[in-house]
Amino acid sequence: MRPDLSRRSFLKWSAVLGAGAATGVLAGSSNDLLVPTASADKAAAPITVTPHVCAMNCGGGSCVLNLEVQDGVVTRIDTDQQDLAWSPAQRGCQRGRSMRQQLYHPDRLKQPMKRVGKRGEGKFEPITWDEAYTTIAANLDRIIKKYGNQAIFYHYASGVLSPVFKSWPTGIVNRLLNQIGGYLNYYGTYSSAAYSFAAPYILGGGSNNSVDDMVNSRLIVLFADNPAETRLGGGGQYQWYLKAKQAGAKVIVIDPRLSDTAKAIADEWIPIRPTTDNALINALAYVMITENLHDQAFLDKYCVGFDESHLPAGAPANSSFKSYVLGAADGVPKTPAWAESITGVPAETIVRLAREIAGTKPTCLIQGLGWQRHAYGEQPVRALPTLAAMTGNIGRKGGGNGTRPGGKSSVSLTGFPLGTNPVKASISCFQWPDAITHGTELRAKDGLRGVDKLDSNIKMIWNYAGNTLINQHGDINHAKKILADESLVEFILVHDIFMTPSAKFADILLPDRSSFERTEMGRDATSQGDRIFYTPGAIEPLYDTRDVYEVCLRLAEKLGVADKFSEGRTMEQWQQWMVEETRKKTPTFPTFEELKKNPIIKSKETPPTVGMATFIADPVKNKLATPSGLIEIYSPQLAKMGQDWGLAAELPPIPKYVPAWEGPESPLKEKYPLQLIGHHVKRRVHSTHDNNPWMEEVEQQAITLNEIDAAERGIKDGDMVKIWNDRGTIHVVCRVSKGIMPGVADLPQGAWHTPDKDGVDIRGCINTITKYHPTPGAKGNPQHTNLVQVAKL
């Protein structure tokens, strides 16, 4: 099937694969690497070290991986060890350094296949690439002619997402679809939907201090932020947390669980009930206001809506943030005692924390993304910048604006040209099930953007390098039911390297190439500026795999748009074009030939940056991108949106505490008394690496219960337990710990959904029991907002 496959490679891999190659997925133990038989002269073969980057969406950046290659085989993976005084090494973590286990995993997809059983059964048979292309092109053509281009949906995915040139390589699919009339687009991400939606309403896109500025902080308070597990390497973010600690900063971590970050650097861990952070922040504000600890001069000069005298025109009386906190708006003062009953944080702790934050200058308040993946996740995103404004820490060294810590970038890259999508409609990335079942009924209040209504429901899904179709989506059983119905979605295409839970729902399944078998190219905005990389594939592509550019080019040929799609360029020529276009804007950017010779170019030393400093220096001359040009604690835009959508209580103009639908105050707690969250664990990147045997040694998939909750249920450490609610059931091992808030359970997200014959998940996939209920503003995923019960098996 591969005319370009050398005889040597064919013989090498045929000897290893044997008859198993015909199945597309080799049977056998997943603990045994599938590596080619060594040639007779292997001992004499030289070892070359090939620089590469770890292209995964971990949030830590693209770490350097030095691949030792002998006789065409990756034999070992090392990493960057060059620690500079001003920049940590781009050191890979355990996930990146175990990538060889993925590269030579026996379960790699090896050839194109078509479904022969029911959707979701995972039954496929091999086909030729030409049959695959013909089938895909025919379905694209048929569905577009019958339903229109709004029926085509390019699904959210991040399996090949890294800080690279914009839309490379995922945008290759976008470009093809734009050449044939477009597709239904999406906005937002599963990682940061509520954050991306809400932060601009208060700060207008104002940037935060760079992460290396934390060394100037005296106090650092982390809200739901866990960089020790999520941002270990690459951009060097966690290393700067450590440097700040070494420089003398006090660190407080507020989190339902004793995270690795809290264990490593925290002077104090304050456990809190999930979904209640806004109540805590409101009570902190109450103490500051009533004890006159807030910076009124800063609020008067730079903010809108803190108090009644600074409300925007048309805002109702008693609608300011101060009026809400003091109880003038609803008769309920947001006292520490009020917050204690909701959050579980003792009132005396709240008072002490408020005084410490207000009295320590500079203080750096940082939010993670965990708390915005909750019901009403839009609220805390705006609440912490409000606290940063109240304490006057915005625009000063060692402070910050209460959002995520920033990186540095000085280069404006020219990305892969997608073309123009003729379809103007967009939905939230989380709402695709609604667009399948009743897409034509969606309106603006439901999250539809760009058009008044859709002309068609989704009828085809293209899923490239993603596991969000099933595994990473809320309420898996709900999604499975929808996707299994072939009268709803008529065709599903999946392009991946493994038979993931999502891949089992494909009609046509294509084998992709791994990162080490393709060129990675781009820019990583690290803590010390831009790092440029161009790292070609380290080995010949394995099996009968094809990269996404070749797949789209062949489909373009079938669809009659090959010339428009490629413009006569190969994939490498497109990469060269992007470099040349970038150099037109930034002449100092390396040439393509320079990148080839020096594949990883580290940034130079640069001083820390202070976000919003120009705004603070002159708010009239340097206005923010809000309607008023100021920090909008009260947002007139959100006030109108809430009224227009009938969601005034759920989407208020000021950051309020809104009780969650499955939170600590929900009546459902009588039936399901435990709040279940699912943190990002160090053994996986989302669901990537769940089938990696080395990562199973790093950390076993397990639910964690507080020892009080475990004792009430007769559960001991290491017991197998049942976790359930009305949406599904999971069987998994249990850890018993003091390091989690009583009443809270934690099951790390990303385990591959593995149902037994009764539909019980036996791997520990949290989304078996998470809720599909989009948040009110962003229409994002609230997958940390769940109530469950746990019992010993």
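The values are calculated or read from the model by the stated rules, or taken from the named source; none is laboratory data. All figures in this text were calculated on a predicted structure; none of them were measured in a lab. Cβ atoms come from the backbone with ideal geometry, glycine included; neighbour counts cover every protein chain shown. Ligands, DNA and RNA are excluded from the accessible area calculation, which covers all protein heavy atoms including side chains. Shrake-Rupley method; radii C 1.70, N 1.55, O 1.52, S 1.80 Å.
Tabulated results
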read-out: Residue list for the stretch 559-601, filter: open to solvent by 90 Å² or more (accessible area, probe 1.4 Å), at pLDDT below 90 and within 20 Å of Thr50 (Cα to Cα); value: Glu594, Lys597
read-out: Among (1) open to solvent by less than 10 Å² (accessible area, probe 1.4 Å); (2) out of contact with any Ser or Thr (no Cβ under 8 Å at 6 or more places or on another chain), the one test that Pro274 misses; value: (2)
read-out: Val411 open to solvent by 10 Å² or more (accessible area, probe 1.4 Å), among the aliphatic types (A, V, I, L, M) and under 19 Å from Tyr183 (Cβ atoms); value: no
read-out: Filtered residues of the stretch 630-646 (kept if in a loop (DSSP other than H, G, I, E, B), open to solvent by 20 Å² or more (accessible area, probe 1.4 Å) and under 13 Å from Ile202 (Cα atoms)); value: Leu630
read-out: Which listed residue, of Pro380, Pro422, Pro417, is in contact (Cβ under 8 Å) with a residue 24 or more places away in the chain, farther than 30 Å from Glu605 by Cβ, crowded, with 23+ Cβ neighbours inside 10 Å and not hydrophobic (A, V, I, L, M, F, W, C); value: Pro380
read-out: Matching entry among Leu311, Leu293, Leu258, Leu242 (being at pLDDT below 95, in the same structural domain as Lys334 (by TED's automatic domain parsing) and open to solvent by 30 Å² or more (accessible area, probe 1.4 Å)); value: Leu242
read-out: Near pairs, Cβ below 8 angstrom, 6+ apart or cross-chain, from the stretch 49-74 (under 19 Å from Ile601 (Cα atoms) and in contact (Cβ under 8 Å) with a residue 60 or more places away in the chain) to any residue that is acidic (Asp, Glu) and in a loop (DSSP other than H, G, I, E, B); value: Cys63/Asp80; Val64/Asp80
read-out: Those residues of the stretch 742-764 which are open to solvent by 10 Å² or more (accessible area, probe 1.4 Å), touching a helix residue (DSSP H, G or I) at 6+ places or on another chain (Cβ under 9 Å) and of a type outside the set (A, V, I, L, M, F, W, C), in sequence order; value: Pro742, Gly743, Gln749, His753, Pro755, Gly759
read-out: Exclusive hit being modelled with pLDDT of 95 or more and open to solvent by less than 10 Å² (accessible area, probe 1.4 Å), set Gly204, Gly182; value: Gly182
read-out: Qualifying residue in the stretch 431-446 (condition: under 25 Å from Tyr634 (Cα atoms), open to solvent by 10 Å² or more (accessible area, probe 1.4 Å) and in contact with a strand residue (DSSP E or B) (Cβ under 7 Å, 6 or more places away or on another chain)); value: no
read-out: Qualifying residue in the stretch 108-124 (condition: out of contact with any Leu (no Cβ under 8 Å at 6 or more places or on another chain), at pLDDT below 95 and in a strand (DSSP E or B)); value: no
read-out: Pair list, Cβ < 6 Å and 6+ apart or interchain, from the stretch 352-372 residues that are open to solvent by less than 20 Å² (accessible area, probe 1.4 Å) to residues that are acidic (Asp, Glu); value: Ile366/Asp225; Gly368/Asp225; Trp371/Asp277
read-out: Every pair of residues 6+ apart whose Cβ atoms lie under 7 Å, when the first sits in the stretch 616-644 and is among the aromatic types (Phe, Trp, Tyr) while the second is assigned to a helix (DSSP H, G or I) and open to solvent by less than 10 Å² (accessible area, probe 1.4 Å); value: Tyr634/Phe321
read-out: Among the residues listed as Asn781, Asn786, Asn767, the single one being touching a strand residue (DSSP E or B) at 6+ places or on another chain (Cβ under 7 Å), touching a residue at least 24 places away in the same chain (Cβ under 8 Å), open to solvent by less than 10 Å² (accessible area, probe 1.4 Å) and within 21 Å of Ser666 (Cα to Cα); value: Asn786
read-out: Filter pass, Ile265 being open to solvent by less than 20 Å² (accessible area, probe 1.4 Å), closer than 30 Å to Glu662 by Cα, of a type in the set (Val, Ile, Thr) and touching a helix residue (DSSP H, G or I) at 6+ places or on another chain (Cβ under 9 Å); value: no
read-out: Total residues in the stretch 447-465, condition open to solvent by less than 60 Å² (accessible area, probe 1.4 Å), among the small types (Gly, Ala, Ser) and farther than 21 Å from Ile136 by Cβ; value: 1
read-out: Glu605 being at negative phi, in a loop (DSSP other than H, G, I, E, B), of a type in the set (Asp, Glu) and touching a residue at least 12 places away in the same chain (Cβ under 8 Å); value: yes
read-out: Residue in the stretch 127-143 that is in a loop (DSSP other than H, G, I, E, B), surrounded by fewer than 16 Cβ atoms within 10 Å (Cβ to Cβ) and assigned by TED's automatic domain parsing to the domain that holds Ile427 present; value: yes
read-out: Test: residue in the stretch 557-579 that is assigned to a helix (DSSP H, G or I), small (Gly, Ala, Ser) and touching a residue at least 40 places away in the same chain (Cβ under 8 Å); value: no
read-out: Some residue of the stretch 485-497 being more than 28 Å from Thr729 (Cα to Cα), out of contact with any strand residue (DSSP E or B) (no Cβ under 7 Å at 6 or more places or on another chain), β-branched (Val, Ile, Thr) and touching a residue at least 60 places away in the same chain (Cβ under 8 Å); value: no
read-out: Members of the stretch 614-629 found to be aliphatic (A, V, I, L, M) and open to solvent by less than 40 Å² (accessible area, probe 1.4 Å), listed by number; value: Ile616, Leu624
read-out: Residue count for the stretch 207-221, restricted to those that are surrounded by fewer than 24 Cβ atoms within 10 Å (Cβ to Cβ) and in contact with a helix residue (DSSP H, G or I) (Cβ under 6 Å, 6 or more places away or on another chain); value: 1
read-out: Subset tally (residues that are touching a Pro at 6+ places or on another chain (Cβ under 8 Å), of a type in the set (Lys, Arg) and over 18 Å from His680 (Cβ atoms)) for the stretch 249-280; value: 1
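Rundown of residues vs (1) outside the structural domain of Thr500 (by TED's automatic domain parsing); (2) surrounded by fewer than 20 Cβ atoms within 10 Å (Cβ to Cβ), yes/no style:
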{"residue": "Val64", "(1), (2)": "yes, no"}
{"residue": "Thr79", "(1), (2)": "yes, yes"}
{"residue": "Gln82", "(1), (2)": "yes, yes"}
{"residue": "Ala89", "(1), (2)": "yes, yes"}
{"residue": "Arg95", "(1), (2)": "yes, no"}
{"residue": "Met99", "(1), (2)": "yes, no"}
{"residue": "Glu121", "(1), (2)": "no, yes"}
